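For reference, the structure discussed in these notes is given below.
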Amino acid sequence: MPPMNAADLGLLVLRVIVGGVFAAHGAQKVFGWWGGPGMAGWTMAMGRMGLRPPRLWAMVSAGTELVGGLLFALGAVTPLVAPLLVAQAIVIIVRVHWPKGLWNKDGGYEFPLVLLGGSAAIVGTGPGGLSLDSAVGLAATDTIRAALLVLALAGALLAILLRPAPVVPAGTTASQP
């Protein structure tokens, strides 16, 4: 293992904080920890957002945050995980927070924008020397990192552009006014 330098330490701090926050949000969705909705509540939230099938979207989003956040914090399979977290943050910003403006106090996109920035920084730099990827010799070329980012962004675009299904209030049918 090469000697530690300040850049590696900075990347470690960035990965642990951003990955830890993503993982904690995923744990709220999956397990209901820290006042989160749990998987059943998160699935219902996906349905209220009009995403179909809601269980699939709930598993994708919660899994990306929980598993992706943990792997990101550890610096494991970072060339794959970092672009997925960038895509997740973009979807969160556009589908949920954008209409509320920038500031977090109003439910805006300030907080997910910070997660996006941290994830994007790691896409650009790699995880640094204090990572599992470095320990096992996993490295990706700039071309591979860019290709994985493009694929993740295409997935985010798909999730954003999917037209939400109309939300039908309980006790009515889709054909009722």
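The values are calculated or read from the model by the stated rules, or taken from the named source; none is laboratory data. What you are looking at is a predicted structure, and each value in this text was computed from that prediction instead of being measured. Note that we place each Cβ from the backbone using ideal geometry, even for glycine, and neighbour counts take in every protein chain shown.
Residues in region 46-66: is at least one acidic (D, E), in contact (Cβ under 8 Å) with a residue 24 or more places away in the chain and under 19 Å from H97 (Cα atoms)?
Of all residues in region 46-66, those acidic (D, E) come to 65.
If we keep only those that are in contact (Cβ under 8 Å) with a residue 24 or more places away in the chain too, we end up with 65.
Of the ones still in play, those that are also under 19 Å from H97 (Cα atoms) are 65.
Yes, some residue in region 46-66 is acidic (D, E), in contact (Cβ under 8 Å) with a residue 24 or more places away in the chain and under 19 Å from H97 (Cα atoms).
When you look at R95, is it surrounded by 17 or more Cβ atoms within 10 Å (Cβ to Cβ), at pLDDT below 95, basic (K, R) and over 11 Å from F22 (Cβ atoms), yes or no? Explain how you work it out, then say what you get.
Details: surrounded by 17 or more Cβ atoms within 10 Å (Cβ to Cβ): yes; at pLDDT below 95: yes; basic (K, R): yes; over 11 Å from F22 (Cβ atoms): yes.
Taking the combined requirement at face value, the residue satisfies it.
Checking the conditions here, which among G47, G32 is surrounded by 18 or more Cβ atoms within 10 Å (Cβ to Cβ), over 16 Å from the mean Cα position of the chain (by Cα) and small (G, A, S)?
Details: G32 fails: surrounded by 18 or more Cβ atoms within 10 Å (Cβ to Cβ).
G47 is the lone residue from the list that is surrounded by 18 or more Cβ atoms within 10 Å (Cβ to Cβ), over 16 Å from the mean Cα position of the chain (by Cα) and small (G, A, S).
Identify the single condition in (1) closer than 28 Å to T125 by Cβ; (2) over 16 Å from the mean Cα position of the chain (by Cα); (3) at pLDDT below 95 that I90 does not satisfy, given that it satisfies every other one.
Only one criterion in (1) closer than 28 Å to T125 by Cβ; (2) over 16 Å from the mean Cα position of the chain (by Cα); (3) at pLDDT below 95 is unmet by I90, namely (2).
Find the residue count for region 1-29, including only residues that are in a helix (DSSP H, G or I), exposed (fewer than 15 other Cβ atoms within 10 Å of the Cβ) and of a type outside the set (A, V, I, L, M).
We begin by selecting, within region 1-29, every residue in a helix (DSSP H, G or I); these are 6-29.
Now restrict to residues that are exposed (fewer than 15 other Cβ atoms within 10 Å of the Cβ): 6-7, 9-10, 13, 17, 20.
Among the residues that remain, those that are also of a type outside the set (A, V, I, L, M) are: 10, 20.
Of the residues in that region, 2 qualify.
Yes/no matrix, rows are residues, columns are (1) touching an Asp or Glu at 6+ places or on another chain (Cβ under 7 Å); (2) under 23 Å from W33 (Cα atoms):
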residue: W57; (1), (2): no, yes
residue: Q88; (1), (2): yes, yes
residue: P99; (1), (2): no, no
residue: Y109; (1), (2): no, yes
residue: L132; (1), (2): no, no
residue: V136; (1), (2): no, no
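Does H97 satisfy the condition of being touching a Gly at 6+ places or on another chain (Cβ under 7 Å) and under 19 Å from F111 (Cα atoms)?
Here the answer is yes, as H97 does meet what is asked.
Conditions (1) modelled with pLDDT under 90; (2) within 26 Å of G10 (Cα to Cα); (3) within 19 Å of the chain's Cα centre (by Cα), marked per residue:
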residue	(1), (2), (3)
G101	yes, no, no
N104	yes, yes, yes
V114	no, yes, yes
I122	no, yes, yes
V150	no, yes, yes
A174	yes, no, no
P177	yes, no, no
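Could you list, in sequence order, the residues of region 134-145 that are surrounded by 14 or more Cβ atoms within 10 Å (Cβ to Cβ) and small (G, A, S)? Before you say what the answer is, go through the steps one by one.
Filtering region 134-145 down to residues surrounded by 14 or more Cβ atoms within 10 Å (Cβ to Cβ) leaves 134, 138, 140, 145.
Scanning region 134-145 gives S134, A140.
Does A62 satisfy being assigned to a loop (DSSP other than H, G, I, E, B), within 17 Å of the chain's Cα centre (by Cα) and at pLDDT 95 or above?
On the way: assigned to a loop (DSSP other than H, G, I, E, B): no; within 17 Å of the chain's Cα centre (by Cα): yes; at pLDDT 95 or above: yes.
Judged against the criteria, A62 is not a match.
Could you check region 110-133 and list, in sequence order, the residues that are buried (at least 19 other Cβ atoms within 10 Å of the Cβ) and small (G, A, S)? Before the answer, list the steps.
Keep residues of region 110-133 that are buried (at least 19 other Cβ atoms within 10 Å of the Cβ), which gives 112, 115-116, 118-119, 122-123, 126-131, 133.
G118, S119, G126, G128, G129, S131 - these are the residues of region 110-133 that are buried (at least 19 other Cβ atoms within 10 Å of the Cβ) and small (G, A, S).
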